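The block underneath contains the structure these notes are about, expressed in structure tokens.
The values are calculated or read from the model by the stated rules, or taken from the named source; none is laboratory data. Computed from a predicted structure; not experimentally measured. Because the Cβ atoms are built from the backbone with ideal geometry, glycine has one as well, and the counts that use them run over all protein chains shown. Note: areas computed on protein heavy atoms with side chains; ligands, DNA, RNA excluded. Shrake-Rupley method; radii C 1.70, N 1.55, O 1.52, S 1.80 Å.
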Amino acid sequence: MRVLVGGGTGFIGTALTHLLKARGHTVTWVSRQPGPGRITWNELIRSGLPLCDVVINLAGENILNPLRRWNETFQKEVLTSRLDTTHLLAEAITQAAHPPQAWILVTGVAYYQPSLTEEYDEDSPGGDFDFFSNLVTKWEAAAKLPGESTRQVVVRSGVVLGRGGGAIGHMLLPFRLGLGGPIGSGHQFFPWIHIGDLAGILTHALEADHVQGVLNGVAPAYTTTNAEFAQALGAALGRPAFIPVPSTVVQAVFGRERATMLLEGQKVVPRRTLATGYQYSFPELGAALKDVVT
């Protein structure tokens, strides 16, 4: 199939492109910069949607960039980088003479309210209690298409674990030095997914005609806590992981509002993802981390 990927140059996009090409699909990226195998966002606005079978949007400014202060300017960038690109692609699909068969958006489990007791599946309520949950609601609303001619899928992703980027990129050095440990109390749930499985779920969603609606992009080991994650990462590296990062430090680095993404978590179950027939390559945390760090 011909697949158009918004934000394809990033961490997830690179892994997805590799898998799609290996499975015989053709991939075109929509990016800010022109180049071979790409169109720019401006070209999309000017010329409309190129002929394609599937559109996927992964575009969005990295929320947990520790080099950016959590102020109004950055919050606006986080919002517009997601809403504008999603709206542009949805609009282009609506206006296309030959609309694609499927339209897939990746959002986040921040839709669900952090809790130490609740368990969330794809039908659970959420999306209305803080900046991040409201962002997911607006983001998914921007993707909505009128009519039924294009199959619509939303994948709410957990923390993506992969080599050379994502969450692990910031954590490896302290853990390699034996200075890693749980964040805050460590009791908070840690919804995670191996990058190979996130790419796998997206590929499954575009290849399987019966897949539609919301899928939780998390591993089936959904009871993992932050402390268990820290212990497993330490074990994968052969290092101790007992030094907790105090919540005050996390709040100082990321700002109080953004720090909740690290200090609090949700128990998210991929019920519908499993029901569609997707088979995980990395259902267990130990094997996922071993693959990422070795």
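Brief remarks follow.
- When a 1.4 Å probe is rolled over the protein heavy atoms, the share of accessible surface on region 1-111 that falls to carbon and sulfur comes to 52 percent.
- The GNM of the chain, with springs linking C-alpha atoms under 10 angstrom apart, assigns the highest mean-square fluctuation among 161, 58, 116 to 116.
- Cα centre as origin, Lys/Arg/Asp/Glu Cβ charges: the chain dipole, Debye: 840 debye
- Per residue accessible area of the chain, 1.4 Å probe, in Å²: 46 Å²
- For the residues 46, 151, 256, a GNM of the chain with alpha-carbon springs under 10 Å puts the largest fluctuation on 46.
- Sequence-distant lysines (8 or more away, or on other chains) whose Cα lies within less than 16 Å of residue 138: 76
- Dividing the mean sequence gap of close Cα pairs (under 8 Å, 6+ apart) by how many residues region 1-106 holds gives a relative contact order of 30 percent.
- Here the peptides 262-274, 167-179 are ranked by packing, the mean other Cβ count within 10 Å, and the order with the highest first is 262-274, 167-179.
- Residue 274 versus residue 2: modelled label distance in nm, points set 7 Å from Cα along the beta carbon direction: 3.9 nm
- Residue 290 versus residue 116: modelled label distance in nm, points set 7 Å from Cα along the beta carbon direction: 3.2 nm
- Sites listed here are GluC sites (Glu not before Pro) in region 86-193 whose DSSP assignment is loop and whose Cβ has at most 16 other Cβ atoms within 10 Å: 118, 148.
- Signed unit charges on C-beta, dipole axis of region 2-293, positive-most listed residue 127, 206, 149: 206
- Computed from the C-beta positions of residue 172 and residue 257 and an R0 of 22 Å, the FRET efficiency is 0.25 to the nearest 0.05.
- Packing order of peptides 38-45, 69-76, 129-136, highest average first: 129-136, 38-45, 69-76 (average count of other Cβ atoms within 10 Å over each peptide's residues).
- Amide H contacts under 5 Å for residue 2: 26, 53, 54, restricted to partners 5 or more places along the chain or on a different chain, H placed in the peptide plane at 1.01 Å from N.
- Whole-number percent relative contact order across region 2-293, with pairs defined as alpha carbons under 8 Å at least 6 apart: 20 percent
- Difference of contour (0.36 nm per residue) and Cα-Cα distance, residue 281 to residue 18: 93.1 nm
- Nonlocal amide H pairs with residue 267, under 5 Å, H built at 1.01 Å: 115, 120
- Computed label-point distance, nm, for sites residue 148 and residue 45 using a 7 Å Cα→Cβ extension: 3.5 nm
- The slack between residue 61 and residue 131, meaning 0.36 nm per residue of separation minus the straight C-alpha distance, is 23.7 nm.
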